[in-house]
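Q: Below are the C-alpha cells for one structure; questions will follow.
The values are calculated or read from the model by the stated rules, or taken from the named source; none is laboratory data. This is a predicted model, so every value here is computed, not measured. No Cβ is skipped: glycine too gets one built from the backbone with ideal geometry, and neighbour counts run over all protein chains shown.
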Amino acid sequence: MWITVESLPIGLLPVIAADLRVPQTAVGLLVSAYALVVVVATVPLTALTTRVPRRLLLMALLAVLVLGGVASAAAPSYGVLLAARAFTAIAQAVYWAIAMPVAATLVPPERRGRAVGLVSAGSSLAVLLGVPLGTWIGQVAGWRASFLGTAALGAVALAVIALTLPRVAAAGPREAERGAEPDARRFWLLVAVTAIAVTGGLVPFTYITPYLTEVSGVPAVAVGGLLLVRGAVGLVAVLVVGRLIDARPRAAVLGSLGIEAVGLALQWAGAPVPVLGVLGVVLAGAGLSGFATAVAARVLVVAPGSVDVASGGTSSSWNVGIMAGSAAGGAALPLVGVAGLPLVGGVLAAVGVLLVVVEPRLASGRAAAPA
C-alpha cells in the first residue's frame, strides 16, 4: 500500500499535470520529493519513537496515511498536493523502519525470515497490482479518485491492525535493542550495498520502456504485460527468499544480488535479441525484489543498536538508491545511450556482490552470522 502511494503519481503524471496546470516535471517531483522526505526523516523519527508501543505507533502511522490520502485528493493546488505528499512520507519513513521488526517479534526466531518475506511480498503486490490498478482508476475516474482509494485502503488496514494485532511493546533495554549477531561494520556495509544495488537496478529501469521498444524491438503494446510478468516473478523471488533466509541470511543477500547482476549483464549483452533482453529485465527485477527481503532479514542479525533504527537506516539507503539511480541514469544516457544503461547498472551490482563477498574479512571480530 505504501509503495502504491509513493509511486502513484508516475502513472497519473499527465492527468495530474493537466488538472493542476503544472509541467509534467513538477508532477515527477511529487515522487522524488516523497523519497527525499523518507531519506531525511527515517532515522531521526524512528529514534524518537523507539519507546512508543508498536501497535499504537502503527495505528498512528496508518491514520496519517488516511489523512494524507484525503488531503491529496482534495488538494486545490500543486503546492497543497506537494505538502500532503510530504506529510504522508513522514509516516512511511517510520513505518518501514518498524514493520519488519514487528513482524519478526510475532513469530518464533527460526521463522523470522518467513515473516519478513510475507511483509516484503506485500510491497511486491503493490508494484504488481496496486500501481497499475491505481493508474487505471485515475484514468477512468480522475486522479483524485485514486488517492481516495489509497485512503480507503489505509482505513481498512488501520481497522485490521486495531482489531487483530497483539500489543507489541516498544523496544526496551533488552528487547530488540540489537541484532542476533550485532556488528557495526557489517551493518554499515549492508547499508552501502543496499544503496549501490538499488542505484544499479534503477539506472536502466528508469528508461525501461525505451529500452524494450527501441533497443530490444518489443512492441509497445506488450510493454505493460512484460512489466506485469517482471512483477510476478519478483513476487515469487520474494517468497522463495523468505523461505530460505532463516538458515542462510548472508547467502540470501549474495544470491539475490548476484541474480540482479547477471540479469543486468544479460539485459546489456542480449539487448538485440528480444527474448534475451526481456529475460535479463525479468532476472534483474527478481534479483532486486529478493534482495529487498534478504536485506530486511539480514539487518535483524547484524544491527549494532536498535533494530528499528537499523531498519530505518537500510530503508533510507534504499530511497537514496531510488533517487541516485534515476539521476545517474539521466546523466549516463547521453554517454552510453539506452542500450548501455544496463551495463552501468550491472557494474554497480557487481560492486555490491564484491562487497558482500569480502564482508567476513570486515567483521569486527564478533561471532560470524550464518553464511
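Q: Among the candidates V338, V302, which residue alone is in contact with an Asp or Glu (Cβ under 7 Å, 6 or more places away or on another chain) and more than 23 Å from A271 (Cα to Cα)?
A: Values: V338 fails: more than 23 Å from A271 (Cα to Cα).
Selected residue: V302, the only one of V338, V302 that is in contact with an Asp or Glu (Cβ under 7 Å, 6 or more places away or on another chain) and more than 23 Å from A271 (Cα to Cα).
Q: Okay, moving on. Against the condition surrounded by fewer than 20 Cβ atoms within 10 Å (Cβ to Cβ), closer than 22 Å to V307 by Cα and not acidic (D, E), how does L45 come out, does it pass?
A: Working: surrounded by fewer than 20 Cβ atoms within 10 Å (Cβ to Cβ): yes; closer than 22 Å to V307 by Cα: yes; not acidic (D, E): yes.
Here the answer is yes, as L45 does meet what is asked.
Q: While we're on this one: With the checklist (1) farther than 16 Å from L276 by Cβ; (2) modelled with pLDDT of 85 or more in hand, flag the one item V229 doesn't pass.
A: Here V229 meets the rest and fails (1).
Q: Here's something else I'd like to know. Looking at G325, G313, G285, G337, which is the one that is under 17 Å from the mean Cα position of the chain (by Cα), surrounded by fewer than 24 Cβ atoms within 10 Å (Cβ to Cβ) and of a type in the set (G, A, S)?
A: Checking each option against the conditions leaves just G313.
Q: Something else now. Go through (1) touching a residue at least 60 places away in the same chain (Cβ under 8 Å); (2) under 24 Å from L343 (Cα atoms); (3) in a helix (DSSP H, G or I); (4) not charged (D, E, K, R) and name the single condition A271 misses.
A: Going through (1) touching a residue at least 60 places away in the same chain (Cβ under 8 Å); (2) under 24 Å from L343 (Cα atoms); (3) in a helix (DSSP H, G or I); (4) not charged (D, E, K, R) one by one, A271 breaks only (3).
Q: For region 177-194, state whether one or more residues are over 30 Å from R230 (Cα atoms) and at pLDDT below 70.
A: Checked against the condition, which is being over 30 Å from R230 (Cα atoms) and at pLDDT below 70, region 177-194 yields at least one hit.
Q: Turning to a different aspect of this structure: Would it be correct to say that A99 is under 21 Å from M1 (Cβ atoms) and surrounded by 19 or more Cβ atoms within 10 Å (Cβ to Cβ)?
A: So A99 fits the description; yes.
Q: Scan region 33-87 residue by residue and report those that are closer than 20 Å to P23 by Cα and hydroxyl-bearing (S, T, Y).
A: Correct list: Y34, S72, S77, Y78.
Q: Quick one: would you say A35 is assigned by TED's automatic domain parsing to the domain that holds G154, surrounded by fewer than 20 Cβ atoms within 10 Å (Cβ to Cβ) and part of a helix (DSSP H, G or I)? Quick ask: steps written out before the conclusion?
A: On the way: assigned by TED's automatic domain parsing to the domain that holds G154: yes; surrounded by fewer than 20 Cβ atoms within 10 Å (Cβ to Cβ): no; part of a helix (DSSP H, G or I): yes.
Criteria not met by A35.
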